[in-house]
Amino acid sequence: MLLYAIRRFGLALLILIVAVTVMFLMIRAVPGDPVQIMLGPRATPELQARLTAELALDQPIWKQLLIFYGNLMRGDLGIDVFSGRSVTAIVFDQLPHTLALIFASILWSALLGIGLGAYAAAHPNTLIDRIAAAISVSFVAAPAFVVALLSLLIFAVHLQWFPAIGAGEGFWGRLDHLVLPAFAIGLSWVGYIARLVRASMLEVMGESHIRTARAFGISERRVVMVYALRIAILPVVTVIGVGMGFLLSSAVFAEIVFARPGLGKLVIDSITTRNYPIVMGSVLISTGLFVASTALADLINAWLDPRARTAT
Amino acid sequence: MAKSRSELGQIIHGVARDPLGLMGLIIVGAIVFCAVFAVWIVPYDPVAMNIKDRLQEPSATYLLGTDQLGRDTFSRVIMGGQVALKVALPAVFGAMAIGLTLGMIAGYGPKWLDNVLMLLFDTIRSFPTVMFALAVVALVGPSLQTVVFVVMATSIPTYGRVARTQTLTLRNSEFILAERSMGASMARILGVHMLPNIIGVLAVLAAMDIPTVIALEAGLSFLGLGVKPPTPSWGALLKDGYSLIRQTPWLVVGGGLPIILATLGFTFLGESLRDVVDPKLRKQR
């Protein structure tokens with residue numbers, strides 16, 4: 001297990017290093033002088049020279065890369081062009097909003113999805129199973145930002161059940177503002193998770209330890225809830241870990257649609273103001289998050305199911 | 001797998017027998033029809049402004065009303081389908097072609113090359129798609145080509161990995177060994193013998209990938225970072241509709257429903273295709 005963990009995190013680290021390097025080269029490969037872009041056309045030559053030296057742009061590319069990595073190690077992602085604040089601080093200011101949204105979305109959809117899936121598996125080919133299957137297939141495909149826009153239109157603008165913009169104040173205010181965005185992001189996951197749980201549940205129900213549990217006269221309810229479900233939700237863990245990237249992507253859109261603070265809004269605002277250090281910082285941090293969550297999901301899986309440890 | 005005409009006919013027949021597949025076939029058929037014949041279907045020029053008739057409610061003259069510049073929403077929805085397919089098809093086929101080639105090389109070539117390619121795939125997959133797209137757009141500016149490039153780059157690994165797995169399972173089968181013992185080149189083995197056995201699975205993946213691509217294009221255009229105005233993309237409709245959401249719901253509905261419909265159609269079709277082409281795949285996803 002320890003060996004597996006070390007190898008898995010080694011791979012994650014390697015991926016991160018390559019990703020950061022690709023990112024770095026991409027920025028440099030773009031035509032145009034970054035200093036000129038940052039300072040605008042009216043900057044004096046002295047100012048340009050100073051920023052060039054500050055960003056080490058007069059050094060050879062490999063040295064720039066090393067400096068970049070050195071700064072990264074110290075958690076320094078550069079300085080915001082406009083406010084002069086550290087990019088790391090700005091990004092980490094916004095991150096909690098995004099994480100709260102992602103967490104709320106996956107929580108409700110996982111609970112509902114697991115419940116639906118387990119029920120469907122315990123009562124296969126009944127009407128509810130059929131309805132659940134139909135809903136799953138239909139909702140799996142719905143892109144989060146379209147659902148966000150339509151729910152904004154229906155529930156916030158027309159019915160006025162929920163607030164349309166912002167993140168709210170206080171616990172209840174925040175919760176109230178979370179409902180619609182979390183609904184939009186989670187909707188496609190309900191069906192996906194339900195299908196996953198149903199399939200793995202049906203598989204587990206055929207295994208011998210379930211037969212043994214039944215033979216002991218344990219109630220069907222307990223067999224399903226305790227013995228089968230515990231194993232059947234394993235794939236959900238992996239899927240959520242791997243799905244972190246999709247969740248982040250959906251969160252970006254939900255934040256724009258509902259005008260919520262967060263990583264997505266930060267990135268979009270920075271793109272319109274051409275504030276490159278913030279764009280790159282946000283992309284790097286979200287990539288790091290994604291890589292870490294994928295690795296973590298693999299580890300949890302390996303811990304719960306020893307068979308997963310041998311596969312790389 | 002679609003090698004001969006009769007087999008292709010069988011696949012279509014199989015899909016049409018499945019109710020979901022038939023529905024998918026009809027929706028996708030309708031969208032493709034509208035996109036191809038868009039120029040003859042649209043009642044008005046989708047980019048022609050008519051300030052006098054701005055923000056009209058739906059009526060017999062304007063089926064879905066008009067936007068803030070007096071452009072006919074229905075015409076823009078129909079034309080938007082053409083734009084969506086113009087992005088989705090080249091991107092998906094490009095990604096499939098490149099992913100297929102790289103994946104087969106990874107599965108058949110030397111071990112070190114396999115490792116390098118896999119690391120590359122894993123790296124590309126480690127960027128959250130939208131974040132990667134935003135970074136690229138921030139660097140090179142928004143355009144139709146940028147969207148196609150981003151979509152291609154982010155979906156190459158999916159095709160590559162599947163092609164690699166398939167190649168690995170086939171590389172030691174007897175017909176490949178026989179060919180190799182007769183001195184066939186790697187290009188011949190991969191192109192003539194491996195390809196026909198892999199392409200079916202990848203085609204299914206492609207069908208299921210199209211909705212994601214359509215959604216990504218619409219999403220970027222919604223953020224104002226995709227195709228440039230006044231091009232009538234579904235995402236651009238949503239962008240206009242979002243700012244006018246308190247005045248008129250029709251732009252959001254007109255932009256949103258086609259996206260959901262297209263997603264549904266391609267998903268139904270893809271799922272049904274998968275069951276017909278390769279029932280074993282069902283378990284993997």
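Counting helices only, and only those DSSP H runs with n ≥ 4, report the 222 nm mean residue ellipticity of chain B as the sum of -39,500 (n - 2.57) divided by its residues, in deg cm²/dmol to the nearest 500.
Result for chain B, helices only: -24000 deg cm²/dmol.
With only Lys, Arg, Asp and Glu charged, each at its Cβ (+1 for the first two, -1 for the last two), find how big the charge dipole of chain B is about the Cα centre; round to the nearest 20 debye.
Dipole about the Cα centre, nearest 20: 480 debye.
Against the longest principal axis of chain B, how steep is helix B:234-243, in degrees 0 to 90 to the nearest 10, with axes from Cα atoms?
Tilt relative to chain B: about 40 degrees.
Can you find, among A:LEU116, A:PHE103, A:GLY206, the residue farthest towards the positive end of the dipole of segment A:94-310? Put +1 on the C-beta of Lys and Arg, -1 on that of Asp and Glu.
A:GLY206
Each label point is 7 Å from the Cα along the Cα-to-Cβ direction; what then is the distance between the points at A:ARG222 and A:GLU203, in nm?
2.8
Are there any chymotrypsin sites (Phe, Trp or Tyr not before Pro) in segment A:64-106 that are in a DSSP loop and have at most 13 other Cβ atoms within 10 Å? List them by number. List each step's numbers first, then the result.
Details: sites: A:PHE68, A:TYR69, A:PHE82, A:PHE92, A:PHE103; in loops: A:PHE82.
Listed in order of number, the matching sites are A:PHE82.
When a/c is below 1.5 the answer is rounded, else prolate if a/b is larger than b/c, else oblate, so apply that to segment B:136-285 with a ≥ b ≥ c taken from the square roots of the Cα gyration tensor eigenvalues.
prolate
Which order do peptides B:259-272, B:193-206 fall in by mean Cβ count within 10 Å, highest first?
In decreasing order of mean packing, B:259-272, B:193-206 become B:259-272, B:193-206.
A short reminder: the numbers here are calculations on the coordinates, not readings from a lab. Keep in mind the model is a prediction, meaning the values are calculated, not measured. We place every Cβ from the backbone using ideal geometry, glycine too, and count neighbours over all the protein chains shown.
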